[in-house]
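The values are calculated or read from the model by the stated rules, or taken from the named source; none is laboratory data. Since the structure is predicted, the reported quantities are computational estimates derived from the model, not experimental observations. Here the Cβ positions follow ideal geometry from the backbone for every residue, glycine too, while neighbour counts run over all protein chains shown.
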Amino acid sequence: MLKESLIPTQLIKPTERGSIIIDEIASEDRLRIGYLIAQACTLGVQLLWLKLRGKAEPVTVGKLLARFFQQMGVLWIKMGQLLSLRLDILPAAVCDELSKLQDQAHGFNPELSRQLIEEDLGAPVEHYFTDFSSVPFAAASISQVHKARLKDGGAWVAIKVRKPDAHKTFVRDITVIRWLVAKLSQWSIQPHMRWRDMLWEIEQLMAEELDYNYEIANIRRMKKVLSRHNIYVPKVFSHYCSERVLVMEFIHGVVMADYLKVAASDPLRLKAWCEENNVEPRRLGKRLFFSNLRQLFEDNLFHGDLHPGNIVLLRDSRIAFIDLGSIGFSDRDFLEKYALYLEAMIDQQYSKVFDIYLLFPDNIPATDLTSLKEKFILILQKWQDRSKIKDLPYREKNISAINDDLLGVLGEYRITMTWSVLRFLRATTTLDAAIRELIPEISVPKLLKQYFRARNKRQLKKILPPHQAFDINNIPALVKAPINISESMVFRGSVVRRLALVFKDTGNNIADGLNSVLRFASGLLRIGGLYLLLAMATHSDVSWLLPLLDKWWLAPLNIVPQLDIQVWGLIFATLLFADRTIARLGRSINDASSKGAAG
């Protein structure tokens, strides 16, 4: 449970926040498939009429689409939010309007909440809770939250209850969306949108939100991970939970959304609150920024919806995360590529950035990419220049800004990004509202450099246990070189495979040459490994080896320094990894060449 010493004073009184609007559960007539089809036809007529009149401006189209998705309900809102990420396909103005879509924040009849709790727990609410608040204090698209105290122990809890008709509504609406996606695919309408992948994303998102067992598992996993980041996650009382009811610790803190509201309306009041509770905005902002990167690249388990309503501020610049229904993870190979992409970007290695970025999209047309590379590098250079301007608004120099610009350029060449990559990018985008207020003047490249330095130290600590006396500065260059070589070969090799598919007509000659180079490199690595093994033996009590050292081909062993056993282990592990990487790379190039020949 959260320590009382971390509970801050109130920033906004409950009366200032306003009450939750209560809606009646929608009737069957309103949700019937016929209603959805009628509204879709109305939208189609409106868009056609605008086009015939020459007034189909992206902003107008975006507003019409956003209004349609909002009226259709939860599932359609999710669809609109996903489409807002498609800057590689849709005009930026359309994406801006769709990004304003918010889950409906209306509640439902509190008596239905009580009824659901009692059905799932098998007894009256009073049997388990005291001080049960019938009026919800928060609401989301498919749930609302009540405050109460456990009779057993007296802990304050938040009881999250799913809407009674949420599952039925999902089944009905997803049937329509599946039919729509099938027709779009069948008629080859904008096939580069990869409609079926979008459908899969929607189904995954809703499956996680409809069953609170997913969120219970997420909370437990994230609680363990985020404790290393000094971020608190509420405790779950699983004995009282079910598929439709989630009971967790109530966090007495200040929601980031309230912090932003007071920052805009009464900055002096906010400053006084920060001083009273020992809260440093800059420290908060950095903690959020670095934690987000650690979740993405090191833990491979990240909060997928860190908007201001899901961040709770505590005393002493501490933070808690709530609403962990949307948790993401990525393919490890992609994470390594994306981390290298960011490192190359902050080091201003723009050609390398371009090469790596080519690995992320779904497709690359068989065309000359020279002009794309020129535009790409120009965007990166401008972003670097903007990041140096201290007073420039954060939204113009954050990671999202560069991602949006690059996706827009890809769209010009009909190059599309995978939905999974876009979901990954969204995990950083939702955090921007908080970072923008807490550290608006910060240099993003500098923060990224700080993060990668800290990450490298953490990785070295895993390899070299802290109880071993060893100075990292004394690691010979021989240790680092194979690591860099193997890393470069992994990602450069991936680039070669991608380009081999783009320029498959000339791929065979390139593949043959590369294979020769790789075989030569593999031979050098193995010979080097043998020499190093003998070098290690010379520093041991191996008397039979001493006479051999007079041979000219073993003379270089004398110049190899004496190293600790941990360093030798690191060297041989790196050589083995590099050798296996070369072998995999050779097979991949052969496969790509074969596909090119077949095409």
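Observations
- All positions within segment 139-173 that are farther than 24 Å from residue 202 by Cα and assigned to a strand (DSSP E or B): 146, 147, 148, 149, 150, 156, 157, 158, 159
- Comparison of 66, 93 shows that the only residue that is closer than 30 Å to residue 50 by Cβ, touching an Asp or Glu at 6+ places or on another chain (Cβ under 9 Å), surrounded by fewer than 16 Cβ atoms within 10 Å (Cβ to Cβ) and free of Cβ contacts under 8 Å to residues at least 40 places away in the same chain is 93.
- Exactly one residue out of 113, 133 is assigned to a helix (DSSP H, G or I) and modelled with pLDDT of 85 or more: that is 113.
- Residue match in segment 293-300 (condition: more than 18 Å from residue 12 (Cβ to Cβ), assigned to a strand (DSSP E or B) and out of contact with any Cys (no Cβ under 6 Å at 6 or more places or on another chain)): no
- Top-ranked residue of segment 117-131 - restricted to ones that are buried (at least 18 other Cβ atoms within 10 Å of the Cβ) and not hydroxyl-bearing (Ser, Thr, Tyr), ranked as nearest to residue 153 (Cα to Cα): 129
- Some residue of segment 433-450 being closer than 30 Å to residue 571 by Cβ, free of Cβ contacts under 8 Å to residues at least 12 places away in the same chain and surrounded by fewer than 20 Cβ atoms within 10 Å (Cβ to Cβ): no
- For segment 133-184, the set of residues classified as among the small types (Gly, Ala, Ser) and either touching a Leu at 6+ places or on another chain (Cβ under 6 Å) or closer than 22 Å to residue 79 by Cα (or both) consists of 139, 140, 141, 143, 166, 182, listed by residue number.
- Contact annotation: residue pairs with Cβ atoms under 6 Å, 6 or more positions apart or on different chains, pairing a residue in segment 385-397 that is closer than 11 Å to residue 444 by Cβ with a partner that is of a type in the set (Lys, Arg) and part of a loop (DSSP other than H, G, I, E, B), are 386/397; 387/397.
- Verdict on residue 355 being within 18 Å of residue 426 (Cα to Cα), of a type in the set (Asp, Glu) and crowded, with 18+ Cβ neighbours inside 10 Å: no
- For segment 189-217, the set of residues classified as surrounded by 15 or more Cβ atoms within 10 Å (Cβ to Cβ), in a loop (DSSP other than H, G, I, E, B) and modelled with pLDDT under 85 consists of 194 only.
- If you go through segment 147-176 and keep only what is farther than 15 Å from residue 128 by Cβ, free of Cβ contacts under 8 Å to residues at least 60 places away in the same chain and crowded, with 16+ Cβ neighbours inside 10 Å, you end up with just 167.
Residues are listed down the side, and each one gets a yes or a no for (1) farther than 21 Å from residue 308 by Cα; (2) more than 23 Å from the chain's Cα centre (by Cα); (3) surrounded by fewer than 18 Cβ atoms within 10 Å (Cβ to Cβ):
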| site | (1), (2), (3) |
| --- | --- |
| 219 | no, no, no |
| 226 | no, no, no |
| 231 | no, no, no |
| 237 | yes, yes, no |
| 249 | no, yes, no |
| 272 | no, yes, yes |
| 276 | yes, yes, yes |
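- The set of residues in segment 62-110 being within 26 Å of residue 362 (Cβ to Cβ), among the acidic types (Asp, Glu) and at pLDDT below 80 consists of 88 alone.
- Residues of segment 177-227 that are out of contact with any His (no Cβ under 9 Å at 6 or more places or on another chain), touching a residue at least 24 places away in the same chain (Cβ under 8 Å), in the same structural domain as residue 293 (by TED's automatic domain parsing) and more than 27 Å from residue 164 (Cβ to Cβ): 221, 225.
- Reported count of residues in segment 313-329, each being out of contact with any Lys or Arg (no Cβ under 8 Å at 6 or more places or on another chain) and crowded, with 19+ Cβ neighbours inside 10 Å, is 10.
- Condition broken by residue 398, with the remaining ones in (1) at pLDDT 85 or above; (2) surrounded by 17 or more Cβ atoms within 10 Å (Cβ to Cβ); (3) of a type outside the set (D, E, K, R) satisfied: (1)
- Per-region count, segment 20-61, residues modelled with pLDDT of 75 or more and either assigned to a loop (DSSP other than H, G, I, E, B) or of a type in the set (D, E, K, R) (or both): 8
- Among helices (runs of 4 or more DSSP H) entirely within segment 308-419, having at least 3 residues that are over 30 Å from residue 205 (Cα atoms) and not aliphatic (A, V, I, L, M) singles out 350-357, 370-387.
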